[in-house]
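Have a look at the structure below, then the notes.
Just so it is clear, none of the values below were taken in a lab; they were calculated from the coordinates. Note that the structure is a prediction, hence the values are computed from the model and not measured. Cβ atoms come from the backbone with ideal geometry, glycine included; neighbour counts cover every protein chain shown.
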Amino acid sequence: MVQERTLPTFDAAKEQITKAEGLRLYEDMVLGRTFEDKCAEMYYRGKMFGFVHLYNGQEAVSTGVIQGAMRPGEDFVCSTYRDHVHALSAGVPAKEVMAELFGKATGCSKGRGGSMHMFSAEHGLLGGYAFVAEGIPVASGAAFQTKYRREVLGDQSADQVTACFFGDGACNNGQFFETLNMAALWKLPIIFVVENNKWAIGMAHERATSQPEIYKKASVFDMVGVEVDGMDVLAVRAVAQEAVARARKGEGPTLIEALTYRFRGHSLADPDEMRSKAEKEFWFARDPIKNFAKYLVDQGIVEPEELKAIDRKIQELVDESVKFAETSSEPDKSELYRFIFAEDE
Ligand SMILES: Cc1ncc(C[n+]2csc(CCOP(=O)(O)OP(=O)(O)O)c2C)c(N)n1
Ligand SMILES: [Mg+2]
């Protein structure tokens, strides 16, 4: 096992967090975890096909950024093939994400996308992208149009910020360097969120990159780069709030490196034999949901019973989403060629 990088410290006791917000962040993370566990069950029961990449362990990143710092539904979110939970945090209903996984017409991409291609114009979800780093220029295009509408077309309502999520593996790809250069040059309203989970399938991060501290790469673009404990939802929320404020003020992008870990294999087809037991245990002990629950109770912000009630409510919601997906229709054959090109309004 490679020596673990020291996680940046964060003084959560100093955070001003209301009960309502604490419960909201907790609920969003529990939704992500419960949804993904249900996906694993459905996949192994043969209900969904193709590659399915789960997000277990990384919930504090999606929740901390989208629910903690953005305006879900108004701002833009761009994801990778590990996209179910970003879609949920952005407000796409669980039943539409589950139906998409089942390939049903009621799915958020009308059953055409599947696991790796969640999309919702209504929720500002720019898509999940299966090619590594593919979303980075797409997200930057969204940020560019916001700036263009505001500064060139004079549309004062164009103040959206885009959050672009991608993995450590994507940071060795040319699109990362080319796009970050332009985003910084043009001061685009975007935050680049690297979810450094230490692995790109079976390739350990340290073996693939000359500078493993990804946030430092921001400096060559004269961009702000920060590292954060990606297992601590309040720490993620704090850095994301700063980055979003910077972007909204027109001061340009931020590169946030969230140090995190996926609790399952790369995809549900991966036997997960590459990673050591010691490494997994190091990270399992940092489970973002368990730790946040403990924090909320220890600080006297919530009662344990309130958290259990959320767990039950979310379990019901996810069970309902499976019923909805199972009973929904498949896309009609007559629509085979629809949604390939844009249609007239
Ligand atoms: C351009 C491209 N090259 C290779 C692949 C195959 N591939 C799929 S996932 C992956 C690893 C990416 O790892 P990372 O960016 O760290 O994301 P994580 O899976 O850890 O979330 C690779 C190489 C791909 N999808 N696209
Ligand atoms: Mg990775």
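Brief remarks on what is shown
- Mean Cα-pair separation over length for the chain, i.e. relative contact order, pairs under 8 Å, 6 or more apart, %: 23 percent
- Remark: the Cα gyration tensor places region 242-305 in the oblate category, a/c being 1.5 or greater and a/b not exceeding b/c.
- Here, region 191-325 has an Rg and a Dmax of 18.2, 50 Å when only alpha carbons are counted.
- Gyration tensor (alpha-carbon) shape descriptor, region 1-68, a/c threshold 1.5: oblate
- Under the span-like rule (Cα at least 30 Å along the axis, Kyte-Doolittle mean at least 0.5), DSSP H helices of the chain: none
- Among Y44, P93, M116 - extreme Cα towards positive end, dipole of region 29-135, charges at beta-carbon: Y44
- Reachable lysines, given that their alpha-carbon falls under 25 Å from the alpha-carbon of K47 and they are not under 8 places away in the same chain: K38, K95, K104, K110, K313, K323, K333
- The loop-placed chymotrypsin sites (Phe, Trp or Tyr not before Pro) in region 1-67, going by DSSP, that have at most 13 neighbouring Cβ atoms within 10 Å of their Cβ come out as F49.
- For peptides 236-243, 327-334, 216-223, sequence by mean Cβ density within 10 Å, most packed first: 236-243, 216-223, 327-334
- Likely footprinting exposure, W186, W283, fewest C-beta neighbours within 10 Å first: W186, W283
- Among G127, G300, G73, residue whose mean-square fluctuation peaks in a GNM of the chain (springs only between Cα atoms under 10 Å): G300
- Cα gyration tensor category, rounded, prolate or oblate, for the chain with a/c compared to 1.5: rounded
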